[in-house]
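Step one of this worksheet: look at the structure below.
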Amino acid sequence: MIKYAGPKPMISQSGIDFDHSKEDKFIYLNIALQLLKAIDHEYYEDKKYIYNINTPHFSEDMLENEIKIYCENYESLIDKQNHILEDDFQNELKHVTENKTLDNLEKEVCENNLNMMHDYILQRSINKKVYYCIIKQLAEVVKKDNINYIVTPMSPLFVHVLHSIQGVLSEQKFPIDTKLEIYEENSEFLAKLSIINR
């Protein structure tokens, strides 16, 4: 199941701290899904479509149900066995054990901290996989329906999602160039993702 985990943990023999600049992808899922629902429909030439983005956010259950519509492989995305995390986790534990600069007590503390954060890190990994499933669907709709631009309110959440779409479009087999800009219109700041070439 998807649920909020939290910012990226920084784990050491000194304790556990969090990098608040590396937020859990879960916080962007509602915005990404609302954008996907806003642009995933039939289009008619020379028509401009507007979607009220102030619609209520999905609850966790509703969010999960909506995600299942767009991510056919949802069950495998949230299956703990499908995350490379376990290998990474075991390598990190081995790295601590072999670390020559730590004494035995520091090694034990670091290992305990890592073990304590195991499920937290796994949940962040699951949320990231699900988030990018939705972002890839957004990129596919932009390509398929020849969408020229998407305009959203200028907020960190929207800009992050638009930036993610931009990244996925640039990584296509035939990369798609985009431009992300911030501008003001009627005393309101907006973010605009424009498709430059296909």
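The values are calculated or read from the model by the stated rules, or taken from the named source; none is laboratory data. Bear in mind the structure is a predicted one, so any value in this text is a computation, not a measurement. Virtual Cβ from ideal backbone geometry, glycine too; neighbours counted across all protein chains shown. Quick note on the areas: whole protein, heavy atoms, side chains included, nothing else; ligands and nucleic acids left out. Shrake-Rupley method; radii C 1.70, N 1.55, O 1.52, S 1.80 Å.
Just a few scattered comments:
- Using the Cβ-Cβ distance between residue 194 and residue 60 with R0 = 41 Å, the FRET efficiency computed as 1/(1 + (r/R0)^6) comes to roughly 0.80.
- Taking every alpha-carbon pair under 8 Å whose residues sit at least 6 apart, the chain reaches a relative contact order of 26 percent.
- With all protein chains in place and a 1.4 Å probe, the accessible surface of segment 83-155 carries 50 percent carbon and sulfur.
- Degrees, to the nearest 10: 85-98 long Cα axis against longest axis of the chain: 30 degrees
- Ranked packing of 96-103, 126-133, most packed first, by mean Cβ within 10 Å: 126-133, 96-103
- Left without a cysteine partner by the 4.7 Å Cβ rule in the chain: 110.
- Annotation: per residue accessible area for the chain equals 62 Å², rounded to a whole number [probe 1.4 Å, protein chains only].
- Helix-only mean residue ellipticity at 222 nm for the chain, each DSSP H run of n ≥ 4 adding -39500 (n - 2.57), per residue, nearest 500: -16000 deg cm²/dmol
- Pairwise centroid distance, computed over Cα atoms, of segment 132-180 with segment 86-119, Å: 38 Å
- Structure-derived Cα Rg over 2.2 N^0.38 Å: which label, when the choices are (1) 1.84; (2) 1.23; (3) 1.04: (2)
- Extension gain, residue 3-residue 174: 0.36 nm per intervening residue step, less the Cα-Cα distance, totals 58.1 nm.
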